[in-house]
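The numbers here are math on the coordinates, done by the rules we state, and not lab data. Computed from a predicted model, the values in this text were never measured in an experiment. Methodologically, a virtual Cβ is constructed for each residue, glycine included, from the backbone with ideal geometry; neighbour enumeration extends over all protein chains shown.
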Amino acid sequence: MSSVVHPQAPSSDVHHLPGMTHASSPQVTGLSQPELVDGHKFHPTTEAGSDDISHPGTVAFDEAMLDHYTDSDLFSFIENAPNFVTTRVEATKVLSQNLVAKIIHDTERDDEIAATEFARKLGILVPAVRRALIHPATTRGSCLVLERVHGRTLEQLWAEIGWWRTLRVAWQLRRYLQKMHAVTSLKAGGLATGSVRSLFFQGLYPPVSYASPEAFTGYINWWLTKCRPRQRQPRHDLTLKPLRRHVFVHQDLAPRNMILDARNRLWLIDWGFAGFYPPYLEYLAIEATEMPWLRGSTWHARLARWRWTVLRWIAAGPRGPHIRPFKALGEVHRRSCLFRTEKTPYSQVD
C-alpha cells in the first residue's frame, strides 16, 4: 500500500540554522586504500588519509568540535579545505577523515536536508547531515557538513566492474526506488519548500510551488504547444497526460551520485533535486552521459554500455513507457533555454 505525503513548508523546529546537528548519526565506514571521499580522491596538495587538512600556520579542524564551531569558523575551515579530484575538480570539500562539506544555494538547503533525512528513514544508504550553516556573507550561499562515505562512484568503477557487481548494484537500486516510489503526494516539489526543480526546466519561471499533477503537466504542455508558435512549431504530438499522483524521486541518479563502499553497498548522494515528481523523471535521470567513452566502438565500450542499459532496466523498468516523456522534456529543455523569460499560466512568478 502506498503512503501519502503532502510537502509542507519548514517549521521553526526543523532544520534550525545555524548549528543543526545529528550527533547520533552512525559512522560511515568503507575503503581505506586508496583514500576516497564520495568516490573522489584527495586533492594532490593534501596527504591522503590525513586528519590534518590545515595549511601551515593555521589551526587544524577538529571533528569533536563540530557542534561548537561558529558558522564563520567552519566556513574558514571549508574554504581552506582541499577539493575532491576525479576526472574533474569537484566543488565538495574534504573537511576531515569522517566529514565533508558541500556548498549549496540558500534556496536549495532546506529541501536537500529534508530529502536526505527522509531517504534515510526509508532505509536508503545516504550520508547524514551533521550540520547546516549559512555563510556570513549571504551572497555566498549555505553549506552542509555531511558524513564522509568511503568508496568509489559508479563513474569511476564502471570500466572495471563485471556483470556480477553490475547486477548486484542494479537490484540494490531497484529496492531503493521501490521504497521511494511507494511514497506519493498530490503536490510536486521539494519536501520542505515545495519548490519545483528539474534540469529539464531552464526558464526563469519554473512551475508553481506545490504544483498539482495537472499544473505540472500543464507547464510542460504549454512549452510544447504555446511557446512562441510563430517561431517554434507546436508539438501536440508530444503532450503528456497528468498522472494521478507524484512519487518521491531522487531525480539525479547519474553515475557520479552512486557510490559503492568496500562491502559493495550502494550509497546515494546529492539529493538537491529530490522531491515529489512524475516517476519518468527518475528514469530519465539514470543516464551515463558523463562517461563519453561508453559511446566508443570498442567491444569494451559496447559491453559497458549494455551493462548500463541492463542496470537501468532492472532498477527502473523498461524504456518504452518513458520514450514520449523523454522526447517531450527534451523539447521543453531546448525551448526553455532559448526563451528563458517566458511565463506560463502555471509558472512561479514571485
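Using Cβ contacts closer than 10 Å as the measure, can you line up L167, L294, L191 from fewest to most?
Numbers: L167 14, L294 20, L191 26.
Ascending number of Cβ neighbours within 10 Å: L167, L294, L191.
Just to confirm my numbers, what's the Cα centroid distance between region 98-126 and region 304-347 in Å?
24
How about K226: which lysines have a C-alpha closer than 22 Å to its C-alpha, ignoring those fewer than 8 places off in the same chain?
Within the straight-line limit of under 22 Å, K226 reaches these lysines: K241, K327, K343.
Label region 206-301 by shape, choosing from rounded, prolate and oblate, from the square roots a ≥ b ≥ c of the eigenvalues of the Cα gyration tensor; if a/c is under 1.5 it is rounded, and otherwise prolate applies when a/b is larger than b/c, oblate when it is not. Please list the in-between numbers first.
Working: a/c = 3.11, a/b = 1.53, b/c = 2.03.
Oblate.
First check a/c for region 268-350, with a ≥ b ≥ c the square roots of the eigenvalues of its C-alpha gyration tensor; if it is under 1.5, answer rounded, and if not, answer prolate when a/b is larger than b/c or oblate otherwise.
prolate
Only loop residues by DSSP count here, and only those with at most 14 other Cβ atoms within 10 Å; note down the trypsin sites (Lys or Arg not before Pro) in region 67-147 that meet that.
Of the trypsin sites (Lys or Arg not before Pro), the ones in loops of region 67-147 whose Cβ has at most 14 other Cβ atoms within 10 Å are R88.
Using Cβ contacts closer than 10 Å as the measure, can you line up V89, V169 from fewest to most?
Fewest-to-most Cβ neighbours within 10 Å comes out as V89, V169.
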